[in-house]
DNA sequence: TAAATTTCTTAACTAAAGTCAACGTTTTTA
DNA sequence: TAAAAACGTTGACTTTAGTTAAGAAATTTA
């Protein structure tokens, strides 16, 4: 059985066979149907998830509108740290965009893992660092370029996303309306 | 002597007196003059810094333009994780906006600390999580609101920043041009 | 597979941001 | 403290995004 989680962890740290099997024991694999929720806003995020296959949209509802602040494909960890750490209500929802297979570890199990084997604490740190890096890059992109450039960069860096994710969510992630994304695409065609 | 770093660490984890003095030993306090650099783009970021007093602007140069992707005041940790972890060139510069006092730990000392006392590994994880949370919030804000709303929210959440940071950097951080920020401010006055 | 729903595109119009240039104000520095 | 530099505001104009509405295309569902 394919296990991207293990590969990913091994890319972060050297683990022995027995350490690997501990990870396997602690994570639970689940499949979530398309458009179902891994986390609903205002519920507590008591887990960390790794996407084995599929895609998940991170969004927040503001003035009745959904704001997509990230779109994660396979081989990414996701959690809402604030809620996870403080036990507060999450201000973000995680919704699948396709049938999605995730490996999940619940907070209590993760804390147990941290306590039992300090090495997993290192793993936890590295995962948090990865999430931080990704969010830094997203913020930079949004602060810097104009929408057209952001579109081109995303297309360049992650063309697959356009095959798999409805444009309206991509538009939202780029910080614009779907109509504007349409226009940008058209504009580029004729350049 | 005031030591915000210690207070901050204690807010994240319980440390004994001796554990605290280890932190004090490992961090070095430096003062950086206004507009000087803590890190220059394309150099390796081999440290984690904590701002005791002052403010630091995070920016990236793109097509010859500086893009301010964050503005950190006192009581924040800053580092560029990608460069720090991989030893690659940083794509971000850290420049002070005022005379700024930072406490710095170099990578080799931090790794030593992690190895010697696993508890600091937990601290490292929590710091990374904090950075991730902050960047998530920034990305969400940029993806969501229109500039005027972002301005109001920043003003509401962090009014001090407007007393201490030149508007052109704030404008840039809000993803707009200084002229636009001027106009937004004017527009709000007459509403 | 036909109907219903959702998504994408287009158009016309409005609102807002970008650009360029000028000028007054503030801050820096010599 | 006088001169220079940097910063903020304003105005005129251009470009681009938002809004609304309609219809085409694709996808979902019965």
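FYI, it's all coordinate maths here, none of it is from the lab. Owing to the predicted nature of the structure, the values given are computational and were not obtained by experimental measurement. Ideal geometry is used to build each Cβ from the backbone, glycine not excepted, and the neighbour counts take in all protein chains shown.
Structure notes:
- Mean-position separation - Cα centroids, region B:175-191 and region A:1-61, in angstrom: 43 Å
- The angle separating the long axis of helix B:178-189 from the principal Cα axis of greatest extent in chain B is about 70 degrees.
- Taking only alpha carbon atoms, region A:145-191 gives an Rg to Rh ratio of 0.92, where Rh is the Kirkwood radius.
- Shielding by partners - mean other protein chain Cβ count within 10 Å, residues of B:109-119: 1
- Nearest-ten-degree value, helix B:147-157 long axis tilted from longest Cα axis of chain B: 50 degrees
- Over all distinct Cα-Cα pairs of region A:76-188, the Kirkwood formula returns a hydrodynamic radius of 16.7 Å.
- Counting Cβ atoms of other protein chains within 10 Å of each Cβ in A:122-128 and taking the mean gives 6.
- Rg/Rh for chain A, where both radii come from Cα atoms and Rh is the Kirkwood radius: 1.00
- The percentage of C-alpha pairs in the protein assembly as shown whose separation is greater than 29 Å is 45%.
- Peptide B:40-52 shows a mean partner chain C-beta count of 0 within 10 Å per residue C-beta.
- Debye equation applied to the C-alpha atoms of region B:16-73, log10 I(q)/I(0) at 0.19, 0.28 Å⁻¹: -0.84, -1.32
- Other copies of residue A:46: label-to-label distances in nm, shortest first, labels 7 Å along the beta-carbon direction: 4.6
- For chain A, the longest principal axis of the Cα atoms and the long axis of helix A:118-144 meet at an angle of about 10 degrees.
- Relative contact order [Cα under 8 Å, 6+ residues apart], chain A, whole percent: 23 percent
- Inter-copy label distances at residue A:188 (7 Å, Cα→Cβ; nm, one decimal): 3.4
- Separation of region B:119-140 from region A:94-144 is 11 Å, based on Cα centroids.
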